[in-house]
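Notes to accompany the following structure.
The values are calculated or read from the model by the stated rules, or taken from the named source; none is laboratory data. These figures come from a predicted structure and were not determined experimentally. Cβ atoms come from the backbone with ideal geometry, glycine included; neighbour counts cover every protein chain shown. Heavy atoms of the whole protein, side chains included, go into the accessibility calculation; ligands, DNA and RNA do not. Shrake-Rupley method; radii C 1.70, N 1.55, O 1.52, S 1.80 Å.
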Amino acid sequence: MKICILTPRFPMPENGGDVLRINNIARYLKAQGHELLLVSFYDKSVDVEEAGRLYDKIFLVRRNRFASYVYTLLFLICGRPMQCGYYHSRFFKKKLDEVIQTEHPDRFVSHLLRMAPYLERENLYSSSTVEMTDALSKTYSLSSKAKGGLLKKVVYMVERRLIRRYEDHIVKVFPKVVVVSQEDINFINKRVKTGTLVLHTNGVTCLDAFPTVYDQKKICFIGNMRTLQNQDAVLRFVKNIFPIILKRCPDAVFYIVGAEPPREIEALGNGKNIIVTGFVDDLTSMVADTCLAVAPVKIAAGIQNKVLVAMGCGVPVVMTSLISKAIPELRDGENCFIRDGENDFAQACVELLENTQMRNMIAKNGFNMVREHYSWDEKLSGY
């Protein structure tokens with residue numbers, strides 16, 4: 001079977017949870033014997049050779065930033081999601097038309113909600129899967145409460161309403177819409193009762209064996225730093241939590257690991273106890289020697305890769321209750337720490353930094369949990 005995958009950005013390198021997920025979906029589909037066609041936007045030079053090891057044929061459309069901004073405004077005026085406007089392109093539509101006419105795909109996958117309009121325009125409902133991943137209306141609802149200027153809050157409030165309406169439409173007209181969290185299915189089903197929502201949670205590639213050596217001073221945050229939720233979490237940790245930790249553990253070093261940190265995040269690095277790495281070629285090597293990973297996330301939907309990746313590297317995680325709900329196997333004090341208050345969050349970090357026995361117990365239980373329950377092949381079975 002030929003499967004055509006539409007992506008809003010080129011999926012190499014794997015510098016974010018979104019591309020990590022779509023590439024693992026592609027790996028799963030290819031292992032089932034399918035031929036993969038990739039139709040993708042790109043912004044700058046891309047490594048087609050690397051992507052060619054996974055995708056059989058690649059079709060690219062350069063995104064025009066000016067046009068993206070114009071269509072974002074036009075979609076807002078028309079009452080349609082701004083992010084769909086941002087990725088609206090007559091050149092992409094033309095490219096997809098060419099692929100349909102020359103390659104005759106049997107099935108289509110829209111990576112994220114923003115690419116679904118292309119499938120609608122071609123009337124490809126019956127042969128398409130919308131890889132929605134997260135309930136964006138939930139994320140935008142939380143984002144509108146985040147710190148920021150009035151304009152940003154208004155934008156998130158308006159986009160939340162537009163996204164919510166489009167999500168409701170998508171789950172009605174497409175036969176299969178995939179999300180990664182049962183919490184998100186429940187969230188959408190409160191508005192729209194439908195049988196089209198399908199759960200395929202994220203997986204993780206674990207180390208072959210539990211690591212026994214680590215840096216007792218190293219704390220990591222893992223995440224794509226383009227996103228508001230990760231920026232908000234890092235700023236919260238640095239301003240409100242890390243100072244409490246430093247009073248007890250003055251040698252602690254916080255590593256902010258993730259692609260494309262904005263200036264506000266880069267400015268946090270001081271070369272001493274806060275290091276901003278940006279994108280790293282080998283995430284596993286960067287994370288595996290960490291004493292603990294933190295996920296003080298207050299804005300989120302779906303399942304957080306940062307949790308699974310850290311645990312798969314044998315690193316214990318301190319996280320908020322918001323993101324713990326998407327992983328039912330988590331047990332506070334057994335395979336992770338779940339804390340919401342800033343003092344409580346800091347105290348859990350201090351315990352892991354100071355208590356080697358506690359740290360290794362939590363780390364090993366988390367490592368075993370993801371090895372048992374979160375292989376990609378298991379989670380994507382039947383995709």
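Observations
- Single residue of 63, 107, 53, 90 found to be more than 22 Å from the chain's Cα centre (by Cα), more than 24 Å from residue 127 (Cα to Cα) and among the charged types (D, E, K, R): 53
- Residue in the range 34-43 that is closer than 17 Å to residue 132 by Cβ, out of contact with any Pro (no Cβ under 9 Å at 6 or more places or on another chain) and surrounded by fewer than 21 Cβ atoms within 10 Å (Cβ to Cβ) present: no
- Unique residue being touching a Pro at 6+ places or on another chain (Cβ under 8 Å) and over 22 Å from residue 98 (Cβ atoms) when the list is 75, 66: 75
- Of the residues 256, 299, the single one that is at pLDDT 95 or above and under 26 Å from residue 335 (Cβ atoms) is 256.
- Residue check for residue 20: surrounded by 15 or more Cβ atoms within 10 Å (Cβ to Cβ), in contact with a helix residue (DSSP H, G or I) (Cβ under 7 Å, 6 or more places away or on another chain) and either at pLDDT 95 or above or over 22 Å from residue 380 (Cα atoms) (or both): no
- Failed criterion for residue 371 (all others in (1) assigned to a helix (DSSP H, G or I); (2) farther than 20 Å from residue 283 by Cα; (3) open to solvent by 40 Å² or more (accessible area, probe 1.4 Å); (4) modelled with pLDDT under 95 hold): (2)
- Some residue of the range 234-253 being open to solvent by less than 70 Å² (accessible area, probe 1.4 Å), at pLDDT 95 or above, in a strand (DSSP E or B) and more than 21 Å from residue 366 (Cα to Cα): yes
- Entirely in the range 108-183, the helices (runs of 4 or more DSSP H) that have 1 or more residues that are modelled with pLDDT under 90: 136-143, 150-173
- Of residues in the range 89-145 being touching a Gly at 6+ places or on another chain (Cβ under 9 Å) and over 27 Å from residue 30 (Cβ atoms), the one most open to solvent (accessible area, probe 1.4 Å): 138
- Restricted to the range 290-357, the set of helices (runs of 4 or more DSSP H) holding at least 1 residues that are within 26 Å of residue 136 (Cα to Cα), free of Cβ contacts under 8 Å to residues at least 60 places away in the same chain and open to solvent by 10 Å² or more (accessible area, probe 1.4 Å) comprises 321-324.
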